[in-house]
Structures are given as C-alpha cells and as structure tokens.
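Contents: one structure, followed by commentary.
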Amino acid sequence: MLPIFLVSNKPFTGKNLISLGLALNLKERGYKISYMKLIGKFPYKKDNQILDEEAYFIHSMLESKEPAEYSSPFVWTYQVQYKLFEGENLKIDEKIFEIIERLKDKDLLFIISGDTYFEGYSLGIDSLSIIKKLNARTLVIQSWEGETSIDDILGMKDLAKDKFLGAVLNKVPPEQYFYLKDTVVPYLLNKGVKVFGVFKKDKFLESITVKRLLEIVNGGIVCGEDKLDEFVENYLIGAMDPGQALSYFLRVPNKAVITGVHRTDIQILAMETSTKCLILTGGLHADENIVNIARDKGIPIIVTSLDTYSAVDRIQNIMGKAILKEKDKALRAKEIVAKEFDIEGFLKALNI
Amino acid sequence: MLDFIFKPQSIAVIGASEDEKKIGHVVFKNLVNQGFKGKVYPVNPKRKEILGIKCYPSVREIPDKIDLAIVVIPAKGVPSIIKECAEAKVKGLVVITAGFREIGGEGIQLEHEVAELVKRYGIRMVGPNCLGVINTLNKMNATFASDLPPSGRVSFFSQSGALGVALIDWAIENDFGFSKFVSLGNKADLNETDFLEYFGKDPETDIILGYIEDIRDGRKFLEVAQKVSKIKPVIVIKAGTTEAGARAASSHTGALAGFDRAFSEAFKKAGIIRVNTIQELFETAEIFKLKNLPKGNKLLVITNAGGPGIIAADTADKLGIKLNPMSKESIEAIIDKLPPTASLYNPVDIIGDATSERYKIVLEQAIKDELIDGICVILTPQAITDVENVAKEIIKANQISEKPIFACFIGGKKIREAVKNLKSQQIPCYSDPSTAITSYKKLIDFSIIKNKKEPEIPKIEIPLENKERVKLILEVLENAGVTSVGDENASEILSLYGFEFPKKALARTPEEAVEVAERIGYPVVLKVSSPQILHKTDVGGVKLNLKNAEEVYNGFIDITINVKRFMPNAYIKGVMVYEMVIGGKEVILGVSYDTTFGHMIMFGLGGIYVEILKDVSFRITPLTKEEAYEMIEEIKGSKILEGVRGEAPYDKENLVDKILRLSQLVMDFPIIKEIDINPYVVKHQGGIALDARMIIGRI
C-alpha cells in the first residue's frame, strides 16, 4: 500500500475534493483506493460514533467496506480539547498508525492533512511528522492567491525532500489560467516541482445549498421548500435604489439576494433575474404578493429576524468554505480531475 | 413665570418694515391695528417712522423699558440683536426669523450661538423659526397671522407654525375662543415643557392644547405634565407616529417597543389626552368647556330618533361607557308623562313627535338620578320638533345640574340658531353622535386622571452589598467593552435584585454533567456556556427535559458537536446544567430604552403572543404598583393568567413584584439599557426566570 499525503498550508484549498475526484478516477481503472482525513472539524454523529461529516461522505462515495472510522479516525471536538488541556495523552497518532496498518492490502491510501502544515502538532499528526513516520509521498494542494502561493509549494518540497511528489494549483481565476500554465508551471518545473493539474475556480463547486443558507441565517422558509438542495453560487445585497438594481442583478447568475423584508421593489426586480433564493431580513412576514410571485417562479424565500448586515456576515463566512457533501459536486470533481489532472504522469511518478 | 411674553407692557418689533409684503410689516401692523393694550415700538435703522409711529435705530435707543422684543430681521443679524436686547434689559424674545437649525449646516451653528447668548444674558426666547405669540385678552397679536381669534379659555402651543395659522383661521370661522397661543419654532430655548407649565398656572387658561413633533427633555416634560394634567385637561397631537422610524434594536424588548410606543406611554403616564387629528383636537377641546366632570362612566342618552341613538350606543359600548337605564324610581316617575311607544331604557327614545316638553321631563329626572353620571341629548329636527326650546331646556338643565350635559344636534338650517345658543352657553354640541360620545370619553378620562392618587413609587429594599456587587459586575463588563450581557452575568445581576433562577452548575465533561444532574435532580436542561453565543437554540446549544444519566451524557456531546459545527471558533466554557422548570406560564419581562423618556418596562405572554401578536404592554419608569398591575391587565391575553378551563390562577403578585424590581434596577443602574427575561415562568405561586440578557451602554 502506498500512502499519498495531500497537504496544504491554508484551509479550504480543495484537498478533499481533489482526492475524491482522483480516487473515483483511479477506482474506475481498477485500483483499490482508501481515504483518510487526519483531523476532522465537522463533527457528525453517525450510529453513536463521532465522525467528520465530509470524511463520512467521501467514505460513502468510495463505497468503502472498511469501518467509517477508518476515514475519520479523529475529530476535533470540545471533549478532545478539554482532555488535551487537562494533560491527558490522547494517543491519536497511535490510533491512526494502527488503522493505516490495517489498510495494507489497498493500492493507494489518500491521507488528508490538517489545514496548515503544523496543524495537529500537539497530537503528533502535523504534516511533517506524518511524512516522516509514514514515508508518505506528498502532494501539495495549493489554492492560487497570487504569486506568493508558490512559496508554500517550494517550502514543502524542501521539507518533504525525496517524499515530495508535486503540486496541484486550485481555485485559479479563469483569466489567469493560461498565465499559470505558460509562466508559473514551467518555473515550478524548473525548480523541480511537477504540477499535476491547474484547476480553474469553479462557481459550482464553491456554491452552497439553499438549505445551508437557511441554516446559517437561522431562518424560516416561506416557499420553495422543494428547492432546498439547489446550489447558490453568488450573493448580492439589495440595498440600492431600485433604478440601479436591475443592471446589478443581471450581471450575477445563480445568486441569493439579501434584502430587507420591506424592500418589495428590490424583491420583485431580483426575481426578474437569475436568482436562486431571496433572503429577507429584519422580519418574519414576507409580503403576500411577493410570495405569490416567488411560488410561481419557484424561487425559495427565506425570512430571518437577523438584520441585513448580520445575515451577510454569516453568509460571507461560509461562501467558498462549504464542506463536500453533495453527490453532484463529487461527480463534478471526478470530471474535472479526469480532464485537468495528469493521471498518467501521477501514476508514473508513483511507479505503479 | 413667562408673563413678559404674554403680558408685556411694551414690545419692540426689531425689523419692523414699511413694505407691506414683509413679515416685519405684518407683525408690527397686527400689534398696532388689532388693539394691543401695551406700547409698541418699531426698530429699524433705515426708517424714521412706520405706520406713523416713531421708529428707533436700535432697541437701546428706546426710552421706555422693553419687556418683549419680536425679532424679524435676517438670521445672521440675530446674535448682535440679542446683545443689544441684553443691554436694553429686554426680558423676552420672540425670534420669528427662519434660517437656523431647519436649514442645516451654518444654520445649526447659528442656532447654537443664539441659544448660548440668551442663556448667558438670562433672556428667555421663543423660536427661532416660529410664527409668534398671541394673547387674545390683551389683544396682542405678535404673529404674522392675519387676525386675532376670538377670546376664550383655551391655550395652545404648537411646534408647527403653519398649523398655527390654519388653526387661528379655523377658530375665527368657528367662533372658537383662544386665550393664548405660542408657536414653538425650533425650541432653542423655551420649549413645550415651559409653556405647559405656564399654561398650567395661568388663571386665564382652562384647557391646554398642544401640537408637538418631538420633546426636548422627556423626563422634565413628564414631571410637569403629571402635575398640570391633574388641574387642567392637556390635549396633545403628537405627529410622527408610524413605526417606520423604529430603531433597529438588538434585543426583543427593544424591537417590540418601537418608536411611538414611548410617546403613547409617556402621555398615558402624564395624564395627557392624546388625539390624532386636528379635527379631533377641537372636538375634544369642545367637550372640556363643561365645568362638571362625570363621577363615573355611566351615561344617559336622550334622543328623538332611533338611528342616532343606536350609533351613540354602539360607540359608547366600544369605548367602555356604560349605558345603564335610570333607576326604577326615575322610570316610574316619567313613565306616565311619555307616550307608551317611547323607550324608557337607555337610550331613552322619546320618539319623533317629541317636543321640548318631553326633553324637559327626562332631563329633569336624569339630573337627579344617582345612577347617571352624564347626559347626552340627541336631536333631529322633525316635523313638530321645537328645536330652540329644546336648546333652552338643555341650557336650563345645565344650570342646575352637577352632571355634564352635552348635545348632538343633527341637521342644517333648522338647528343653526339652537346650536349657536348652546355654544354661547358653553354647552358642547356635536353634529355626529359617534363624535359626541368619543369626545365625552375624554372627559371621563380626564375625570379619572384628576382623581388619581399622587403616584407613589414603591421603594424596594435591595441589600447594600447586593447593589455593590451589581455595580462591580457592571463596571467589569463596561471596562471590558461588553455591551451584550449574556445569561450568566445577567442572571447574577437579576438574582441580586430578587429574581429566582433555576439551580444550575457548569459542567466541562459529559461525566461532570451527569454528576451535576444527579445532584440537582432530573429532569434537567443543558445549555452551552459561551459568552459568544447569545442565541443558544440557534446553534443547537440547548437540550431540554433530559431524564437520566445517559440522556445527559449524550446531550452534552450533542451540544458540543452542534456548536462546533455552527461556530467552529466559538469559545466554549462548558455546558451549563439547569434544573428543569415544570409547569407555569411563560411570560416575557423586559426593559427597553427610549432616548426621550428613558427606560420602559415591558410585559407580555411568552412565545407567539409576543412574537406574532405583539401583545405586550409598556410603562415608563419609575412605576407605581398600580401601573405594574395595569401592565398585566392591559394585555389581551391577561385572562390566560387568571387560569382557564378550571386551572388555578397564576401568581400576579409575583409578576407585579418583579416588574417593580426591574424598574428599581434600571433606576439604580441606568447604564443598563435593555433587559430581556424570556421566558419568565410564572407559577401558581411564585415564578422563576429561565433566560436573561441585557444590553448595557452609556448614551
């Protein structure tokens, strides 16, 4: 069994999504693949066991026969932090190595690091410790946030030494795609870094569901209950003069529009454009006419007693930071990996 | 006293003008031509004389002592004029000139300067940006409105000048008598409270009317109004009543309070009779011409037509006025004198062919009847109705009656003369039964206000060490920059002020939670303890009714998981284990803060009653015991607390006590701006607070 370690130095770079996309592709080619997230942060109770919700989803998508706990051996909960600070030795590292030992008959095991290189250090499961202890081949998943993004890659290359496999550049703004391919990738190659894929920023993958919006603004749903699983890719705030609103709304597709419950002018205009959901703030009573129009157009309306600022603040905090738990997104990841990831080169680098 | 404004011996019009189109001319002319009984001096450096009266270049040059100066020069010149007036020892100023705060920017600066100056020189000022002042008794029309209204005993202060002009015009047309009128303008110095106080003491004023948009010093206004309203009716229109301007508030209570609520409550507390339209203002003023006040809310309606009688009865019923029949003796005394088809009960319908004789019979009996507090006489001019004689009978009855008698004559030409006669004898006469009754209700209200005891604010004894502790907690919070105070601190503060809270203890592990639960006794409630989480249920941070160790253990884990999911970075202290409170009724107790009047206490039933029906009551602090009771009785759902369907009643005494304690707390610590105790569970005996929050801050 060959452990592949997907690392990043920032949260939400796409490690889980890419590993799933890759795993699904390799599975199709007949490889026996397993997945493990080292540090879970989205506790989820399944059959009296606390698992990471995302890890559990990936585990199901891969149709693994092993216990779900193998995919999510450790979740960072309040109890863990309490015990840790009380000085208890949690022996998380030992547990993880035991599980890995039991996955011997697999061809490949994708291990997902913490959010940064040092995350998990207190428990002995930070990126460097894992590389050292497991001899894991290390792949950096880097989200592109400007030129300094290369430093996390080059730094890791030096730290992982001969265990360094290469990098993937993710969340690349579409207009910079060719610049990266023509300039940055050759530069990295010249420095000894193989880039297996350059993935464009994908609005769909970064989208969140109406359901999640409902949850995050602690709202009530007035209509469109059947549309809770629709994906929202953008959000706009409707606070402007109605004269200017339309052109502003037209520019952004698949959006949620957040506006005051009394701004019926804005609400009507928003529903004339590509809107996935209306979030009405500052009251729980949507205008009846608006509800009728929304029903007619199949647009869900969420009402919340939060003020607009607080609602936006909460939404902003989760946009692009959704965990993976929808099948559509998983399949999309598989498709993108098949197209943009150099699977042949990857297998060759692994010598399998 | 502001006599120098309404009863000056001498007036200088600074900025008097020859030009008929200028306000400086109109004001001066009004004073001279309408017969002002004092001296008037024009001041204008460019003129030798105006309207044949010697003109002075400056107020300082006038040889006479000047009581009041009317200022009608451009705004920029006002500060130097004030200095001159100070040198000339002028006592009062009426600054009609506009161009101050209302234009913003420089105007605001200028107004500050002017306010500073009058304060420094000890001159009292009306305005700026006002219409002026009127006193009909000394024929002083120091305004630019055209004519003096008729003399009367009603005085009026108005924040709107234009409305003032309209009213004067209306009063002339309708022969409505005024005593004094003042247009408040921008209220840079004298404001509504000053004139309320003055009119309250003015022997020439019986009724006080007011139009206000805002109040400068809410607490002072309340204090003065409480005193005045016990002597004279104070009838006020307050504009700006929509809740559109309600400020966004961070707590429940604040949001429910809204913008206009504070004014309504303040007026109620102050005994002010509030009206909503100009029409209603005058209709209400009309009823207060009556010298006799009703002793209770029982009214007799006498009518010669069924329809209007029914309208009157309907309106009375809606307003809680009782239309009980006269006493048995009374009915027996008149039964033979009226036709058999007459209705002897209430309304007494003396039918269409009634003449003044029948009115007389009923009136004479009614004024003697112990069961009747007031009489409304309705008349429609029918074939043989001798309208004028009916009016005479009413006037006669009114002269000997100790009860208020008012009329409602419906018609046009046929009743004109009679109505005039009634009005000349100070008997209110309306043209619509519903208006008549609605106006009369205000007379009943006033009689209640007048007879109200002096408000007695109960002193609740809080041990000194408790107060000290509250002070300390608040200091620590304030120094830490905390504005939203969560349950833990809020409940400690409230406990120190005599509120009961469920037994509780913090657990930091599931095992500890079980241990605490065993000690407190099942069932228990678990709530996440984190200062960052105000709305605990929203993040899955609450578990109710856990009945055994296993449920508590799992509940602890579930809560910590939920919170991590919603707020991964929230600081969690642990999970608080509470005794579960069973039974009782959930109510909400709260405090909100109004920038004009200060703290208000709120009470309502819990849950949907508050959220959807907004069935809540408010009172401005400090509260009397009676007010606390009223708060509970006032909500629509108050019957629920009396126990429905065989349930025992809930402990209202406990609620009253807690309302008074909240009042005491915010009076002691005004830094507390809002409190939400939601829910408070009132039991058949006692009560217990389940969750509390506060907002603190200085304004």
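By the beta-carbon count within 10 Å of each Cβ, the least crowded to most crowded order of B:SER183, B:SER401, B:SER617, fewest first, is B:SER401, B:SER617, B:SER183.
Taking other Cβ atoms within 10 Å as a rough exposure proxy, A:ILE125, B:ILE394 sort from fewest to most as A:ILE125, B:ILE394.
Other protein chain C-beta atoms within 10 Å of residue C-beta, averaged over A:74-82: 5.
Take each residue of peptide B:570-579, count the partner chain Cβ atoms within 10 Å of its Cβ, and average: the result is 1. Put in line by how crowded their Cβ is, counting other Cβ atoms within 10 Å and starting with the fewest, B:MET125, B:MET667, A:MET156 read B:MET667, A:MET156, B:MET125.
Take the Cβ atoms of A:ASN48 and B:SER495, set R0 to 45 Å, and the FRET efficiency comes out at 0.75. Placing +1 on the Cβ of each Lys and Arg and -1 on the Cβ of each Asp and Glu in the protein assembly as shown, which of B:ASN562, A:ASN16, B:PHE156 has its Cα farthest towards the positive end of the resulting dipole? My answer, from the dipole projection, is B:PHE156. Relative to one another, the C-alpha centroids of segment B:45-98 and segment B:457-485 are positioned 54 Å apart. Extension gain, B:LYS636 to B:ASN292: 0.36 nm times the residue separation minus the Cα-Cα distance gives 120.5 nm.
Backbone phi angles across segment B:376-389, fed through the Karplus curve with coefficients 6.51, -1.76 and 1.60 (θ = phi - 60°), yield HN-Hα couplings of 10, 9, 9, 9, 10, x, 10, 3, 10, 5, 8, 3, 5, 5 Hz in residue order; Gly and Pro are listed as x. Across segment B:564-580, computed HN-Hα scalar couplings (Karplus, 6.51 cos²θ - 1.76 cosθ + 1.60, θ = phi - 60°) run 4, 5, 7, 10, x, 9, 5, 7, 9, 7, x, 10, 8, 9, 10, 4, 7 Hz from first to last residue, x flagging Gly and Pro.
The string of couplings for segment A:237-245 from the Karplus curve (6.51, -1.76, 1.60, θ = phi - 60°) is 9, x, 10, 8, 5, x, x, 9, 5 Hz, one whole number per residue in order, with x for Gly and Pro. Residues within the reach of a label modelled at A:SER310 (point 7 angstrom out along Cα to beta-carbon, backbone nitrogen below 18 Å), restricted to segment B:464-497, are B:482-488, B:490.
The distance from the alpha carbon centre of segment B:640-697 to that of segment A:144-202 is 63 Å, rounded to a whole number.
Exceedance of the 24 Å cut-off in Cα-Cα distance is limited, within the set A:LYS132/A:LYS329; B:LYS119/B:LYS187; B:LYS269/B:LYS423, to A:LYS132/A:LYS329; B:LYS269/B:LYS423.
Per-residue ellipticity at 222 nm, computed for chain B from helices alone with -39500 (n - 2.57) per DSSP H run of at least four residues, works out to -12000 deg cm²/dmol. For B:LYS543, the lysines whose Cα comes closer than 18 Å to its Cα, not counting residues fewer than 8 places off in the same chain, are A:LYS45, B:LYS503, B:LYS504, B:LYS527, B:LYS564, B:LYS573.
Within the same chain, aspartates and glutamates fewer than 8 places from A:LYS194 are excluded, and of the rest, those with a Cα less than 20 Å from its Cα are A:GLU145, A:GLU147, A:ASP151, A:ASP152, A:ASP158, A:ASP162, A:ASP182, A:GLU340, A:ASP342, A:GLU344. Take the Cα of A:LYS91, step 7 Å toward its Cβ, do the same at B:ASP314, and the gap between the two points is 8.6 nm. The overall shape of segment B:299-451, judged from the alpha-carbon gyration tensor, is rounded, with an a/c ratio under 1.5.
Placing +1 on each Lys and Arg Cβ and -1 on each Asp and Glu Cβ, with no other charges, gives the protein assembly as shown a dipole about its Cα centre of roughly 1380 debye. When the square roots of the Cα gyration tensor eigenvalues are ordered a ≥ b ≥ c, the ratio a/c for chain B is 1.5 or more and a/b does not exceed b/c, which makes its shape oblate. FRET efficiency for the pair B:GLN34 and B:LYS368, taken as 1/(1 + (r/R0)^6) with r the Cβ-Cβ distance and R0 = 35 Å, rounds to 0.15.
Put a dot 7 Å past the Cα of B:GLU332, heading toward its Cβ, do the same for A:LYS32, and the two dots end up 11.3 nm apart. Estimated at 0.36 nm per residue, the fully extended path between B:ALA162 and B:TYR522 surpasses their Cα-Cα distance by 122.7 nm. Any chance you could check the Cα centroid distance between segment A:236-264 and segment B:534-555 for me, in angstrom? So the separation of the two Cα centres works out to 39 Å.
In terms of the Cα gyration tensor, with a ≥ b ≥ c the square roots of its eigenvalues, is segment A:208-318 rounded because a/c is under 1.5, prolate because a/b exceeds b/c, or oblate? Rounded shape, in that the Cα axes give a/c under 1.5. Once both labels are positioned 7 Å from their Cα atoms along Cα-to-Cβ, the gap between B:LYS201 and A:GLN244 label points is 5.6 nm.
Separation of the alpha carbons by more than 28 angstrom is noted, of B:LYS65/B:LYS289; A:LYS41/A:LYS191; B:LYS585/B:LYS614; B:LYS230/B:LYS413; B:LYS536/B:LYS683; B:LYS442/B:LYS625, for B:LYS65/B:LYS289; A:LYS41/A:LYS191; B:LYS230/B:LYS413.
With a Förster radius of 60 Å applied to the beta-carbon distance between A:TYR187 and A:HIS285, the computed FRET efficiency rounds to 0.55.
Over the whole of B:101-110, what's the average partner chain Cβ count within 10 Å per residue? Rounded to a whole number, please.
Across B:101-110, the average partner-chain Cβ count within 10 Å equals 0.
All of the numbers you see were taken from the coordinates with simple rules; none came from a lab. Note that the coordinates shown come from a computational prediction; the quantities given were computed from them, not determined experimentally. Heads up, the Cβs are rebuilt from the backbone with ideal geometry, glycines too, and the neighbour counts pull from every protein chain shown.
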